[in-house]
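J.: Okay, handing you the structure first.
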Amino acid sequence: MKIIVGLTSDDKKPIIDIINDGCKATFASYSYNNIEFYFYFDGGSIHKVEGNDLYFPTPNTTNKVGYMTMGFFKYLIDNVKFDYIFKSSVSCYINQRALYSFLEKQPREKFFCGHILKAYFYPDRREEQSFITGSCSILSYDVVKFVVDNADKWDYSLPEDVALSKLIFLYNVPLIPYTLRQDIETIEQVQQGVDYTGSALNLNENYCYRVKGYLDPGERKIDVAIMRILHEKLGFAPILKKKLRVYQSSNFKYNFFRYYHFFFDKLVEFLKYYHQVEEDRYFEHADELPRKIQLSSGVSTEILECEIIIENLETKEVHVFSVCDLLSNCVLDLCKYEFTKKICLSQYNTEIINSSISPEFRHKVIPSIYFPYKCKDLDPFFHKRQQQQNLIDKLYFRSSLTWFRPILKYFKPDILEGPDEIGEFDIYAQDLIRYKIGLSLGGKGELCYRDIEYMGLGIPFLRFKYNNELNPSILPNEHYISVERPDNLIRDKEGNDVHAKLLQDKFLETKNNLELLGKVAHNSRQYYNQYLKYPNNIIHALRLMEVI
């Protein structure tokens, strides 16, 4: 029995990355019982064959997949002997063993199998017909041959899967509603061995796993990670690209003390889906002292517990991520190192960079992202916030370091709720979502954990215009309510009564501007979801560091 797997493909990012880093590094990297894989692409005006990558000419139309499928079928009929075609997209992981086992029990003729839906075959007849969806459909050789022999009857005005079923309908082939498929949307689901409904993954019988990392619509790195985890669960080792070593400073006492400790752990875990990773991370005194490290090249530096270094052991390239409030020795040392690729700073200030780092090294140092304080899921509190009917008409601020912000003593208690200890996070968040606007005041660094919590909770926040930058930038009066910064104010927290009055006056001016408050809350929550929420923050950080 000969099985062909054909996957509709695209040679542009991010799909080409899914093909190379996902499909060809996992399920299409080997063959079970001579199963053969083909990736077929829109070739534009040309037809070419590059190994098992096939390019077929298509007209200048939006509905190109039908032409690609017909070209693929014709190519197979003319060049390959086979019994079945399994047709899907590159967003699926194919379990070859389960597919072979399933088809061993099926008829070799007049077989057309998959997930059945209904659609209109004929615009002038308001009668829906059954069709088999394009993802995870199976056709026997004779059905494919019929389609090729009757290519002139293909209706290119219809979606590809509807047109295929309409044509096969003429062959009097029954549609078999049988698909051993499960859908997976997150890394956590596949790690836990469940699909998006919570049902256990059936790794013995299911031959198709549709991977849809909806949190990562632009990059699709989550799709690749899901494929690689599935591959390991099925007993295979995925193809790994680079040999990396990760340097960080952590111990059991400090682990998960702050969100970025969780972030570093997840970042390393994600790297392992792509690369061979050595870890050099444990340091007994991580919570007390800087840690001295030596790179494979012999270059030495020291890192704090809020920093991580990724070194490519083959090229010596170095990538750094620092959440330090100030420029650390690690940043100042490695910006001058010839193999340093990128240094990402959570507290990036152009003026400080320009005064501390020589011009020839500045291009290596870029803004990055920041974090909330604790490793907490903010979504439940966000949804409760959306249900609040009457918000309390005050600014809100709490912190574990209120004494560290002398400006707070100048705020009127009828305007500012607080400022006192944050206490237990769930109680704090439950209280915070009842208030109209959050107050942002930097601590040791200008960016504050409170800022990110406000964004995640969908709470508009008010502050002096940022000096520091995130990547991408957050914009005044688009992502937060901005107050022009006086020339004599360097650190927000050290302001006086005049500065506190500016913030309070801005609150009184904007507290009833529902359009502005709604826009800022929406934009900042959208930014949080796209760049600051796990796992998108991992992918975004690795991209900024130029590791993946």
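A short reminder: the numbers here are calculations on the coordinates, not readings from a lab. Everything numeric in this text was worked out from a predicted model, so none of it was measured. Neighbour counts are summed over all protein chains in view; Cβ atoms, including those assigned to glycine, are modelled from backbone coordinates with ideal geometry.
J.: Counting other beta carbons within 10 Å of each Cβ, put 461, 361 in order, fewest first.
T.: 361, 461
J.: Place a +1 charge on the Cβ of each Lys and Arg in the chain and a -1 charge on the Cβ of each Asp and Glu, then give the dipole magnitude about the Cα centre in debye, rounded to the nearest 20.
T.: Computed charge dipole of the chain: roughly 380 debye.
J.: Here is a follow-up. So, counting K/R as plus one and D/E as minus one, what does the shell of residues with Cβ under 13 Å around residue 352 add up to?
T.: That works out to -2.
J.: List the relative contact order of the stretch 3-181 as a percent without decimals, with contacts defined as Cα pairs under 8 Å and 6+ residues apart.
T.: 22
J.: Using a cut-off of 15 Å between alpha-carbon atoms, which aspartates and glutamates can reach residue 153, once sequence neighbours fewer than 8 places away in the same chain are excluded?
T.: Within the straight-line cut-off, residue 153 pairs with 161.
J.: Excluding residue 196 itself, calculate the net charge of residues whose Cβ lies under 10 Å from the Cβ of residue 196, where each Lys or Arg counts +1 and each Asp or Glu counts -1.
T.: -1
J.: Can you run the Rg to Rh ratio on the stretch 3-181? Use alpha carbon positions and the Kirkwood inverse-distance Rh.
T.: With Rg and the Kirkwood Rh in hand, the quotient comes to 0.94.
J.: What shape does the stretch 379-532 take by its C-alpha gyration tensor, where a ≥ b ≥ c are the square roots of the eigenvalues and a/c under 1.5 counts as rounded, a/b above b/c as prolate, and the rest as oblate?
T.: Cα axes put the stretch 379-532 in the rounded bin.
J.: Size of the stretch 307-410 along its principal axes in angstrom, Cα-based, largest extent first?
T.: For the stretch 307-410, the Cα spread along each principal axis is 57, 34, 20 Å.
J.: Quick one: 417, 494, fewest Cβ neighbours within 10 Å first, how do they rank?
T.: 494, 417
J.: So, one more: Would you mind giving the average projected area, over all directions, of the Cα convex hull of the stretch 326-367 in nm² with one decimal?
T.: Mean shadow area of the hull around the Cα atoms is 2.6 nm².
J.: Here is a follow-up. Pairs 272/316; 465/519; 221/243; 336/364; 2/118: which are spaced more than 21 Å apart, C-alpha to C-alpha?
T.: 2/118
J.: For the stretch 177-250, report the translational diffusion coefficient in µm²/s to the nearest whole number, using Stokes-Einstein at 37 °C, 0.692 mPa s, and a Kirkwood Rh over Cα pairs.
T.: Using the Kirkwood radius from Cα pairs, D works out to 241 µm²/s.
J.: Which of the peptides 384-392, 506-514 is most tightly packed, and how do the rest follow, going by the mean number of other Cβ atoms within 10 Å of each residue?
T.: Ranking the peptides 384-392, 506-514 by packing returns 506-514, 384-392.
J.: By residue number, which cysteines of the chain lack any other Cys whose Cβ falls under 4.7 Å from their Cβ?
T.: Lacking a cysteine Cβ partner under 4.7 Å: 23, 92, 113, 306, 324, 330, 335, 344, 375, 448.
J.: Based on the Cα atoms of the chain, what semi-axes does the equivalent ellipsoid have, where each is the square root of 5 times one gyration tensor eigenvalue, given in whole Å with the largest first?
T.: 52, 29, 20
J.: Based on the Cβ-Cβ distance from residue 519 to residue 10, what FRET efficiency comes out when R0 is 30 Å, to the nearest 0.05?
T.: My answer for the efficiency is 0.30.
J.: Can you say what percent of the DSSP beta bridges in the chain, counting only those with both residues inside, are antiparallel? Round to 5.
T.: Given both bridge residues lie in the chain, the antiparallel proportion sits at roughly 40 percent.
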